[in-house]
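Notes to accompany the following structure.
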Amino acid sequence: MYTIFIAPENTMVFIDEPELNLHPGMQRLFLEQITNNPALTKKKLTYVIATHSNHLLDLTIEKDNISVYSFSKKENGKFQIKNVNAGNNEIIRELGVNNSSVFLANSSIWVEGISDRNYIKAFLIAYCNSEKKSMPREDIDFAFLEYAGSNLVHYEFSYEENDNIKAFALNNKIFILADNDSGKEEKHEKHKELCELNPENLKYKSTSPYREIENLLSGEIWSKTMIELCNKNKIKKEEEKISVQESINNKIAKTNLENYKDKYIGEYLKALKISELNDVFESSGKTPKSLKSEYKAYLSKIILDKTINKEITWEDFSKNETVKIITEEIFEFILKK
């Protein structure tokens with residue numbers, strides 16, 4: 001600082017890595033001095049600073065008179081120099097800074113609703129148990145964001161300037177999972193293209209070729225959980241419960257679940273003709289549709305609890321190849337820092 005204070009007016013001051021041996025609080029004090037101290041500002045000094053400090057970069061966001069540039073070495077000894085705007089997290093990634101350094105989760109998993117969140121957690125728990133891997137820590141390694149289906153169009157996943165919510169301002173590593181509902185082909189293609197432009201930070205996956213996340217559940221999982229969706233007044237006694245469970249198992253075994261992969265799950269449940277089953281799905285006229293919202297959440301919580309208790313295992317989930325692909329991709333995305 002002594003050299004700066006005695007510098008003549010209009011001097012250019014070059015500083016290499018001022019953060020060395022400086023506590024983050026002292027880094028802030030240093031930047032405040034060279035930008036706000038009246039004895040220095042009246043001399044109209046220009047500073048050129050090379051830094052690897054994310055703390056200094058964070059502080060520049062508050063200043064209107066600081067420009068940040070990244071330098072990337074190219075072939076033949078040439079460098080590419082880019083002006084880095086606030087909100088562009090590429091330079092933070094290049095410095096190796098994790099979100100958890102500032103108490104934010106390192107990645108986020110975007111799902112349509114609470115049931116999807118429970119299923120993804122169940123998939124990951126079962127997968128990690130089976131593969132003897134450490135389960136990623138929620139709210140540290142990853143966090144969930146529920147975007148409620150069509151609301152995804154209100155988020156901007158590129159660095160374009162518009163009125164949409166800036167997705168990367170919420171988290172700089174995003175994995176989006178969407179149902180493969182018909183009529184959303186354009187949306188799926190748009191997000192796949194964005195992933196190609198930003199593969200390090202954005203991943204997009206749908207339940208294709210299955211219509212929605214409930215279609216991914218194997219017959220074994222339905223056998224272990226469907227009785228929970230039945231009318232309790234009709235199966236009060238233990239022998240009645242055994243009889244209904246046998247009926248569920250037999251009808252599931254005789255019905256090809258794959259025939260319903262691109263249909264609403266209500267069509268599969270109706271085809272089973274289990275008289276004890278509650279009115280769990282919505283319908284349009286005579287056409288069954290998705291599970292009613294209260295049953296969606298209820299079923300997903302049952303499956304999550306049974307997975308935690310190891311009543312449902314990775315062997316049950318992995319009967320569906322798409323579950324395997326989605327789970328492995330999410331796991332690898334979380335691990336890649």
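The values are calculated or read from the model by the stated rules, or taken from the named source; none is laboratory data. Source: prediction; values computed, not measured. Positions of Cβ are backbone-derived with ideal geometry, glycine not excepted, and every protein chain shown enters the neighbour counts. Note: accessible area is taken over every heavy atom of the protein model, side chains too, but ligands, DNA and RNA are not part of it. Shrake-Rupley method; radii C 1.70, N 1.55, O 1.52, S 1.80 Å.
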Of the DSSP H helices in the chain, those whose Cα atoms cover at least 20 Å axially and whose Kyte score averages -0.5 or more: 114-131, 293-308, 321-335
Computed over region 173-212: relative contact order in percent, which uses C-alpha pairs under 8 Å that are six or more apart: 63 percent
The chain: Rg to Rh, with Rh as the Kirkwood radius over Cα pairs: 1.14
For Leu145, residues with placed amide H under 5 Å, excluding near neighbours: Ile109, Trp110, Val111
Relative packing of peptides 198-207, 10-19 - highest average C-beta neighbours within 10 Å first: 198-207, 10-19
Inter-label distance, nm, simple model (7 Å from Cα along the C-beta direction), Glu185/Glu146: 3.1 nm
Stokes-Einstein D in µm²/s, Kirkwood radius over Cα pairs - region 167-254 at 20 °C with 1.002 mPa s viscosity: 131 µm²/s
With all protein chains modelled, accessible area of His52 [1.4 Å, Å²]: 120 Å²
Quotient of Cα Rg and 2.2 N^0.38 Å for region 21-83, N being how many residues it contains: 1.33
For Ser293, net neighbour charge (Lys/Arg +1, Asp/Glu -1) across residues whose Cβ lies under 15 Å away: -4
Sum of -39500 (n - 2.57) over DSSP H runs of 4+, divided by residues of the chain (222 nm, nearest 500): -11500 deg cm²/dmol
Antiparallel content of DSSP bridges confined to the chain, in %, to 5: 30 percent
Accessible surface, per residue, of the chain when the full set of protein chains is kept, probe 1.4 Å, Å²: 56 Å²
Peptides 106-112, 265-271 ordered by average Cβ neighbours within 10 Å, highest first: 106-112, 265-271
Length-normalised contact order of the chain in % [C-alpha pairs under 8 Å, at least 6 apart]: 16 percent
The chain: most fluctuating residue of Phe30, Phe175, Phe144 per GNM, C-alpha cutoff 10 Å: Phe30
5 angstrom amide H check on Ala178, placed H, neighbours 5+ away: Lys205, Ser206, Thr207
Two-decimal ratio, region 283-337, of alpha-carbon radius of gyration to 2.2 N^0.38 Å: 1.50
Proportion of all alpha-carbon pairs of region 87-219 beyond 24 Å (%): 33 percent
With every protein chain in place, the chain: carbon and sulfur % of accessible area (1.4 Å): 49 percent
Cross-link pairs Lys224/Lys263; Lys190/Lys224; Lys166/Lys203; Lys132/Lys187; Lys241/Lys273 - those with Cα-Cα distance over 26 Å: Lys190/Lys224; Lys132/Lys187
Highest-first arrangement of 302-311, 159-168, where packing means the average Cβ count within 10 Å: 302-311, 159-168
